[in-house]
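Here the structure comes first, spelled out in structure tokens, and everything after it is commentary.
Here, each number is a calculation from the coordinates, and none is a lab measurement. Keep in mind that this is a model prediction, so the values were computed, not measured. Reconstructed Cβ throughout: ideal geometry from the backbone, glycine too, with neighbour counts over all protein chains shown.
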Amino acid sequence: MTIASVDRTIALISTASAEGRPTAGSTCSPDLARNPWEFDAEAPGYGPGSSMGDVIPTGSPRQGELPARYRTASADELAERIRSAKAVLGERVVILGHFYQREEVLRHADFIGDSFQLAQATTSRPDAEAIVFCGVHFMAETADLLSGADQVVILPNLAAGCSMADMADLDSVTECWEQLEDLYGTEPDASGRVPVIPVTYMNSSAALKGFCGEHGGIVCTSSNAQTVLEWAFERGQRVLFFPDQHLGRNTAKAMGVPLAQMPMWNPRRPLGGNSDEQLTDARVILWHGFCSVHRRFTVDQITAARAEHPGVRVIVHPECPMEVVDAADENGSTDYIGKAISAAPAGSTFAIGTEINLVQRLAAAHPEHTIFCLDPVVCPCSTMYRIHAGYLAWVLDGLVGDDENPPEALNRIVVAADVADHARVALERMLAARPPVPA
Ligand code: SF4
């Protein structure tokens, strides 16, 4: 399978642009052509890509300087270093790679998937001493929650956070919760349903998963959001959904919840910017968060795709804004998108609204179809982009050690025990939640 590397596409566009030659599409930032380690020493930020305009919280993990031998190595040299470290480590290490990672990293992964599939993969190799997670910070935390006590989880670049996950932090969610308790009280209604159930998207910190576990709540993914909301409505009169407003809105709307009963909570304003009446009438309170990758998709792009490719099937991720989801033919998780493409008759044409690396991988895996990204501009997820083969080679070499350096787990991600216990409760509720049996 030949994959059009996003790295190579970006390099070609940048070179052509610098030479004044016409470019078929432009990157979202000329900085994309720089190497990720050039940003490690700069002021904290998500780096180039879709999240570069988002505000990074103070105290976000910073990546230290990558040793020079990894910064100056060629792509082939890094690939060889990774292969030889993997050969030495054998079954002692497992490498997990998210769909949105660059191809130069994913070719070394033992498992490739979305955040839920990778969480499951974490438990499939209990004998591995180290799990190297080529994804973002919250995913590595989830891997630490689900892995064995003796296993270590490593994130090759600590700056690989997630701007959406960072839009909800424990302090502001706790403050929101206290205001809602003041308004609703804590007593269940006559049918035993409590006033509000907290639901966090998988794309959130372990601290927020712990908050949900401690307060009768649950975690959801983009694959099971409706099942989880049904679980929550059985137990609560309403839901506080964070951090992604779009997944919450799109899912609840599909379940028949009116938009008027989905107020948005802006953590910078009293009562989130709502009146008592709006919150009392609410069924789903949506946190003011979003994914900058999926927010780039627009209805105009769908209109243009249909004009250029009559009969095109438009599938978008439910993290896209509601009007984009409404205008698309279908919406679903990355797993859903992959299965829909696999099941289609040869010769189908798809316009996909999700991260560019995944779309290019799907296009390479399905030459029998025409598959393209709805957004013509090459703009990957900034934080996934921070994981480069250089960092992967560095952490694997660290596990191997050498004559001067004993083996060590660099960039280890550890969730504190008190948080972990509650977070596991919320994850276990999600794994146990089942769609209601049709009457
Ligand atoms: S694609 Fe969006 S939600 Fe996923 S890691 Fe990137 S910023 Fe976060």
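Overview of values
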read-out: Three-way shape label, the range 356-439, alpha-carbon gyration tensor, a/c 1.5; value: oblate
read-out: Förster radius 56 Å - calculated FRET efficiency between Ala190 and Glu408, Cβ distance, rounded to 0.05; value: 0.45
read-out: Rounded tilt (10° steps) of 417-432 against the dominant C-alpha axis of the chain; value: 80 degrees
read-out: Whole-Å semi-axes of the ellipsoid equivalent to the range 128-257 (Cα gyration tensor, √5λ, descending); value: 29, 15, 14
read-out: Column: log10 I(q)/I(0), Debye, Cα scatterers of the range 270-362, q = 0.18, 0.20 Å⁻¹; value: -0.82, -0.95
read-out: Per-residue Cβ neighbour rank within 10 angstrom, fewest leading, Val132, Val93; value: Val93, Val132
read-out: Amide H partners (placed H, <5 Å) of Leu240, local residues excluded; value: Ile197, Val199, Ile285
read-out: FRET efficiency, Ala417 to Asp127 (Cβ-Cβ, R0 30 Å, nearest 0.05); value: 0.85
read-out: Helix 389-400 vs. the chain, principal-axis angle (Cα, 0 to 90°, nearest 10); value: 90 degrees
read-out: Charge dipole (the chain, unit charges on Cβ, about Cα centre) - positive-most of Asn224, Val136, Trp37; value: Asn224
read-out: Local electrostatic count at Ile285 - Lys and Arg +1, Asp and Glu -1, tallied over other residues with Cβ under 12 Å; value: +2
read-out: Inter-site label distance for Ala260 and Asp326 at 7 Å from Cα along Cβ, in nm; value: 1.6 nm
read-out: Solution diffusion estimate, µm²/s, Stokes-Einstein, the range 199-261, Kirkwood Rh from C-alpha pairs, 37 °C, viscosity 0.692 mPa s; value: 280 µm²/s
read-out: Charge dipole (debye, nearest 20) of the chain; +1 at Cβ of Lys and Arg, -1 at Cβ of Asp and Glu; value: 960 debye
read-out: Estimated [θ] at 222 nm from DSSP helical runs (n ≥ 4, -39500 (n - 2.57)) normalised by residues in the chain, nearest 500; value: -11500 deg cm²/dmol
read-out: Isolated Cys residues of the chain, judged by Cβ distance under 4.7 Å to other cysteines; value: Cys134, Cys162, Cys176, Cys212, Cys220, Cys291, Cys320, Cys373, Cys381
read-out: Cα-based helix-to-principal-axis angle, 75-89 vs the chain, degrees rounded to 10; value: 70 degrees
read-out: Relative packing of peptides 33-42, 46-55 - highest average C-beta neighbours within 10 Å first; value: 46-55, 33-42
read-out: Set of aspartates and glutamates near Lys339 by C-alpha distance (under 14 Å), chain-local residues within fewer than 8 positions excluded; value: Asp114, Glu330
read-out: Cα gyration tensor, the chain - rounded (a/c under 1.5), prolate or oblate; value: oblate
read-out: Rg/Rh for the range 91-188, where both radii come from Cα atoms and Rh is the Kirkwood radius; value: 1.14
